[in-house]
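Read the figures in this text as sums done on the coordinates, not as results from a lab. Note that the structure is predicted; figures quoted are calculated from it, not measured. Positions of Cβ are generated from backbone atoms using ideal geometry, with glycine treated the same way; all protein chains shown enter the neighbour counts.
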Amino acid sequence: MPTIMTHAIVPLALAAAAGPSRIAPKVALVGAGLAMLPDADVIGFAFGIEYADPWGHRGATHSLVFATLTAAGIALVWKRARSLWAFFFLALAMASHGLLDTFTDGGLGAALWWPFDNARVFAPVTPVRVSPIGADFFSARGLETLLSELVWIWLPCAVLAFAGWRLRHATPPRP
Ligand SMILES: [Zn+2]
């Protein structure tokens, strides 16, 4: 996985680009939470679920279907999530986690197509260094991970947020 904070930055950048009239700040925050949530699947290790199992790490919770169902579930109980913008944003926020994981250079791929296909997939390019787990995080390897995330995720996110903001605030040409 990329570092957990890095997952949250993707929906926040999308929300910043779309603007608060389309994505309310509260919805943006829930989206950030959803983007971090799939890695809660590591808890499965404690219950003997193997990495490669459908419900193992980077399994079902990292799929597009799971993200869509979660967004639908939230829309059922939360009025704010019922606009088309909010629904797609929340689904995309959670799906972005699995998608981002496919760009990392280690571990197993993400089960993006679950439940139709349990295959773990990677993107054609994997420029993001996989995040070391636990104490290893504070090592040269951890630093390398952060740097690769900075270049491949934070920078494009900042550009996206700025471009969206700029578009929304562009002054119309004078007649
Ligand atoms: Zn993950």
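At 222 nm, what value in deg cm²/dmol follows for the chain if DSSP H runs of at least 4 each add -39500 (n - 2.57) and the sum is divided by all its residues, to the nearest 500? It would help to have the intermediate numbers written out before the result.
Working: 7 runs with 87 residues, N = 175.
Taken over the chain, the calculation gives -15500 deg cm²/dmol.
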Helix axis angle, 25-36 relative to the chain longest principal axis, alpha carbon, degrees | 20
Could I have the simple spin-label model distance between L147 and D105, label points 7 Å from Cα toward Cβ, reported in nm to one decimal?
-> 1.1
Quick one: P(r) of the stretch 1-58 from all Cα-Cα pairs, 10 Å bins, percents rounded to integers, in order of increasing distance.
-> 24, 37, 25, 13, 2
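Could you grab the relative contact order for the stretch 54-165? Cα pairs under 8 Å, six or more apart, rounded to a whole percent.
Details: 139 pairs, mean separation 25.5, N = 112.
It comes to 23 percent, rounded to a whole number.
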Projected convex hull area of the stretch 4-168, Cα atoms, direction-averaged, in nm², equals 10.1
